[in-house]
């Protein structure tokens, strides 16, 4: 029999959870046959994971940005904050501009800018000068076999592209 290398697989946490659930079931006597069919629970886990991945990426790139600016004006650095120490949202802040990423529901993550002078607004899209919507929404799509993908205006979202786009918009808008 061929040896299996766990590092060859992207996500093995689900099988560990499955084994742990069975052990807990045996110890407690409580049987939960349908948990894997609970879409709300799956969306909850997916949205928390998605927001955490976004926060990790933003923190990484903000740290690099601030390092590259380190020999310049230090008060113009970008700061990242959790809101009320929750896992649901976080804020980027610089020069009275905030980029707010908030998990509004298990299947909706909103992204918008808040300015002390101009109120709430969304990132520009394509050729638009002004965004039509006050915020953008990234929505969960539940597909076959409970696969969850995150989408913007119906199109799949890639985290790296999303972070690059919004961080660029944030830097450009907060440099004024």
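The values are calculated or read from the model by the stated rules, or taken from the named source; none is laboratory data. It should be emphasised that the depicted structure is a prediction, and the values quoted were computed from it without experimental measurement. Cβ: placed from backbone, ideal geometry, glycine included. Neighbour counts: every protein chain shown.
Of the residues making up the range 96-120, those that are closer than 28 Å to residue 63 by Cβ and either loosely packed, with under 14 Cβ neighbours inside 10 Å or modelled with pLDDT under 75 (or both) number 6. When restricted to residues that are over 28 Å from residue 103 (Cβ atoms), out of contact with any helix residue (DSSP H, G or I) (no Cβ under 7 Å at 6 or more places or on another chain) and modelled with pLDDT of 65 or more, the range 6-46 contains 10.
Tell me yes or no: at least one residue of the range 59-75 is more than 22 Å from residue 107 (Cα to Cα), assigned to a helix (DSSP H, G or I) and touching a strand residue (DSSP E or B) at 6+ places or on another chain (Cβ under 6 Å). Lay out the reasoning, then the answer.
Residues of the range 59-75 more than 22 Å from residue 107 (Cα to Cα): 59-75.
Now narrow it down to the ones that are assigned to a helix (DSSP H, G or I): 59-68, 74-75.
Checking the rest, the ones that are also touching a strand residue (DSSP E or B) at 6+ places or on another chain (Cβ under 6 Å) come to 59, 62.
The answer is yes; a qualifying residue exists.
Within the range 77-95, being surrounded by 18 or more Cβ atoms within 10 Å (Cβ to Cβ) and under 25 Å from residue 42 (Cβ atoms) holds for 89, 90.
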